[in-house]
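Everything on this sheet refers to the single structure shown next.
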Amino acid sequence: MGKKMNKKDKIYLAGHTGLVGSAIMRKLKAEGFENVITRDLWELDLCNQAQVEIFFEAEKPDYVVLAAAKVGGIVANSTYPAEFIYQNIMIAANVINASYKSGVKKLLNLGSSCIYPKLAPQPMKEDCLLTSALEETNEAYAIAKISAIKLCKYYNEQYGTDFISVMPTNQYGIGDNYNMQTAHLLPMLLRRFHLAKLLKAGDFEGIKADLKKYKLGWGLDEEANVDEASIISRLAKIGAYPDKVVVWGDGSPYRELMHSDDLADACFYLMQNKSYKQIGEFVNITDGTDIQLKDLIEMVKKIVGFDGEIVYDKSKPNGTPRKLMDATRIKSLGWSPKISLKDGIEKIYKCYVS
C-alpha cells in the first residue's frame, strides 16, 4: 500500500487551472485538504529547470500531482510539434527530478491515451505501449508523455521513489472549453444543440450572451452585438440551424468519455491507497465501455431539449472508428467510475447554461 496523505500535508498541484487539474483541486478541497499549493504560469515556468528547483527547495511539498501540460487538438499538434515535444518533456523532467531531489513522498503523473500505438488492439491494455508505431498527427506529444512514464519508472527503480502514472480516457467536465474551433467532441456538440435551440426559440439575446461568454472560433468572433441576419449566418457555419443540427461524419464511430470528477476521484484513490509496485508502470483510468456517436448525439439532443432534426454530413471525416481503453487493471485495484454518461452530461449542461 502507498503512503497516505494527511490533511495537513503540503500538496503541489501543477496544472490547477485545466479541466483535470481543477477537478483534482475540487476533490482535494472536498476531502478536507487545505494545504494545496499552486502557481500560475507567469509565477513559475515549469520548462525552466532553475525556477522549478528553486520553487521545490523553498516549498518542500510532501506530495505532487503533475497535471500540467501543453495540450491542443490535431491542428495544433501538427503545426507546432517541436513546441509540443520540447515543452512537455521539459515540464515532466523538471517536476519529476525536482520531486526526487526534494524528497517528495509520492508523485502522480497524468498522461494521455494518445501514448498508445495507432493500431493498438482494442480495448487497449497497458502492456501494448511501444509495441508498434504511434499516430503521426500527435506523435510529438505522445513521445513526451511516454518519456514522463519512463522517467517515473526509472526513478522508482534507481532511487526507490513512489511515482505513479495514470492514463485517463477522453475527459469532459466542469470548466470545459466551448470554443467551436478547439473544443473536444462533447462540449462542441452540446453548444451546437444549445445554440440551435435558442435560434428556434428566436432568443437572440440568449445567443448574444452565449457568444459574448464563449468564443465561436473560425474567425466568427467579431462583436457579439450584431444583427439577427449576421447571427443566423454565423451559426449556420458551425452547423446550428433553427430546424436542424449538422454533425460531421455518419455517426458510426465509437467514443469513450469520462467525467473529470471521476478521474479526480481515481487519482485521489490511487494516491491514498496504492504504490507504484501495486500499479505497475502505469494504469488506465477508464470504465472500459464506449458509446456509438449517433447514440451520443441523440442523448445530447434530448438533454439540451432541441426538437429539430440531426443531419449527418457524410462528406466530412469520421475520425478513428474506435479507441477504447481496457479497465481490467484499474478495476482490480478496487476503483471504478461513479458518474453515468447521462448524469454527467446533464451536470455539465446545467453549468454551461448557468
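Quick note: the coordinates plus some simple rules give every number you see, no bench work behind them. Owing to the predicted nature of the structure, the values given are computational and were not obtained by experimental measurement. Reconstructed Cβ throughout: ideal geometry from the backbone, glycine too, with neighbour counts over all protein chains shown.
Observations
- Gain on full stretching of the segment that runs from Thr38 to Asn273 - 0.36 nm per residue minus C-alpha separation: 82.2 nm
- Square roots of five times the Cα gyration tensor eigenvalues for the stretch 123-278, Å: 42, 17, 15
- Whole-angstrom gap from the stretch 1-57 to the stretch 115-156, using each part's C-alpha centre: 25
- Partner lysines whose Cα lies under 18 Å from the Cα of Lys338, excluding those fewer than 8 positions away in the same chain, are identified as Lys27, Lys347.
- Entry for Kirkwood radius over Cα pairs in Å (calculated from the structure that is shown) out of (i) 27.4; (ii) 21.5; (iii) 28.7: (ii)
- Estimated inter-spin distance, Asp295 and Asp9, nm [label 7 Å along Cα→Cβ]: 3.9
- Cα-based Kirkwood hydrodynamic radius, the stretch 1-60, one decimal, Å: 12.7
- DSSP bridge pairs, the stretch 215-354: antiparallel proportion in percent, nearest 5: 40
- Here Lys237 is the anchor, and the lysines within straight C-alpha reach of less than 17 Å, apart from those fewer than 8 places off in the same chain, are Lys197, Lys200, Lys208, Lys215, Lys314, Lys316.
- With N counted as the residues of the stretch 198-354, its alpha-carbon radius of gyration over 2.2 N^0.38 Å works out to 1.31.
- When you filter the GluC sites (Glu not before Pro) in the stretch 190-287 for DSSP loop state and at most 12 other Cβ atoms inside 10 Å of their Cβ, you are left with Glu222, Glu223.
- Per-pair calculated FRET efficiency, R0 = 22 Å: Ala229 and Glu309 via Cβ, rounded to 0.05: 0.45
- Spin-label model distance (nm) - Arg322 vs Lys153, 7 Å beyond Cα toward Cβ: 2.7
- Only beta bridges with both residues in the chain are counted; by DSSP, about 10 percent of them are antiparallel.
- GNM on the chain, alpha-carbon springs under 10 angstrom: the most fluctuating residue among Leu263, Leu46, Leu119 is Leu119.
- Shown for the stretch 37-118: lysine pairs separated by 8 or more places, or found on different chains, whose C-alpha atoms are under 26 Å apart, numbering 8.
- Per-pair calculated FRET efficiency, R0 = 22 Å: Ser132 and Lys331 via Cβ, rounded to 0.05: 0.30
- Listed peptides 79-92, 161-174 by packing density, highest first (mean Cβ within 10 Å): 161-174, 79-92
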